[in-house]
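The structure appears right after this line, and notes come after that.
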Amino acid sequence: MVQIAVVEGDGIGQEVIPVARAVIEAVRPDFSLYDVEVGYGRWKRTGSACDAETMESLRAADAILFGAVTTPPDPEYRSVLLQIRRDLDLYANIRPIRGDGFDLVIVRENTEGLYSGIEWREADRACTLRVITEKGSRRIARCACTLAKQRRHLTIGNKANVLKSDAFFLEICTREAEEAGVPCKAHYIDALCLDILMHPDRYDVIVTTNMFGDILSDAAAYLVGGLGLLPSANIGDKHAFFEPVHGSAPDIAGKNVANPIAAIKSAAMMLRHFGDTEHAAAVEEAVRLTVAKGTRTVDLGGATGTREFGEAVLGELGALI
Ligand code: ATP
Ligand code: MG
């Protein structure tokens, strides 16, 4: 049986994940879902945000549905998300962004580049090492090519004209695309940040390095009207982790106003990951119909609560499956 670890986490994670969970339960009663507590709330209560035993229960899952965790300014606190990403080797961050007339996916390398963690300070300068490896580039390129093969084409976001490390990344990605028979183009990342906003229809799958992908995907959130709508996946060779792009949003937590669409769409990505395209499409269609009928949360100009929005989606879904 497929085992799903469900982590609500902190803040609005505790409101949007129950909605996404109900959606999965509605379409896949055969999946087994179990709760795992991780995050700042747990840290305050027990002194540990995620211990070895918790990590084992995440590792044992076929997939993880994750809400959000608050990272407090407390210097004693270590980011659980980084720990999970590293321990489960979730090297590909995948963010689909779909809207009127465009449908693109950003594939961001998640383990190296400027976030290599190799950095130091000296008296009069500070350095961060940008590490691009052949193994790291090849596996992210393969992941992007697999996606592009099922879709249309690949764009490699880079700054190879300035950075030797990116010339290396570009070389490896181009070779992988050629071997996979995927049509591919290179695009400088700065120009791409503008062009993706002006002509999103020209793009399909975009692969890029860690920091560039971080910036590009947040900029692209502008295309769909905000953080509450965007799902994401973090994929490794052995593990898969699905989470809304937004964080724990403490400013609106506990008020039943958070938009659960990003969480529901993350659940749909999970269904697709298990090959269940039919239910994934039904879930996305149920969200589309709900919004089209005017049922909207506050961020989209409506007045529907998180829970009530979830019930409306389940209603639409019931008629579709
Ligand atoms: P964190 O430190 O956990 O990332 P944050 O304060 O940065 O929390 P985010 O979740 O990253 O908050 O989002 C930034 C802002 O966008 C929030 O303060 C909130 O107002 C809004 N927002 C984010 N997610 C949603 C959502 N699902 N529905 C409605 N508004 C949202
Ligand atoms: Mg944030």
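The values are calculated or read from the model by the stated rules, or taken from the named source; none is laboratory data. Remember, predicted model here, so these are calculated numbers, not experimental data. All Cβ positions, even for glycine, are placed from backbone atoms using ideal geometry, and neighbour counts span all protein chains on display.
With the structure loaded, tell me whether residue 29 is of a type outside the set (Gly, Ala, Ser), away from ligand 2 (no atom under 16 Å from the Cβ) and closer than 18 Å to residue 254 by Cβ or whether it fails that test.
When the stated conditions are applied, residue 29 does not pass them.
The residue list 90, 114, 104 contains one member that is surrounded by 20 or more Cβ atoms within 10 Å (Cβ to Cβ), touching a helix residue (DSSP H, G or I) at 6+ places or on another chain (Cβ under 7 Å) and either in contact (Cβ under 8 Å) with a residue 24 or more places away in the chain or more than 25 Å from residue 54 (Cα to Cα) (or both), which is 104. Taken over region 144-173, the residue count meeting the criterion of being of a type in the set (Val, Ile, Thr) and crowded, with 18+ Cβ neighbours inside 10 Å is 3. Determine if region 257-280 includes at least one residue that is surrounded by fewer than 16 Cβ atoms within 10 Å (Cβ to Cβ), more than 16 Å from ligand 2 (Cβ to nearest atom) and in contact (Cβ under 8 Å) with a residue 12 or more places away in the chain. Checking region 257-280: not a single residue is surrounded by fewer than 16 Cβ atoms within 10 Å (Cβ to Cβ), more than 16 Å from ligand 2 (Cβ to nearest atom) and in contact (Cβ under 8 Å) with a residue 12 or more places away in the chain.
Restricting 42, 86 to residues that are assigned to a helix (DSSP H, G or I) and within 15 Å of ligand 1 (Cβ to nearest atom) narrows the list to 42. Would region 231-238 turn up any residue that is within 16 Å of ligand 1 (Cβ to nearest atom) and over 27 Å from residue 130 (Cα atoms)? Within region 231-238, one or more residues are within 16 Å of ligand 1 (Cβ to nearest atom) and over 27 Å from residue 130 (Cα atoms). Here 294, 254 are screened, and the one residue that is at positive phi, more than 17 Å from the chain's Cα centre (by Cα) and either in contact (Cβ under 8 Å) with a residue 40 or more places away in the chain or assigned to a helix (DSSP H, G or I) (or both) is 254. Out of 236, 228, one residue alone is at pLDDT below 95 and closer than 29 Å to residue 29 by Cα. It is 228.
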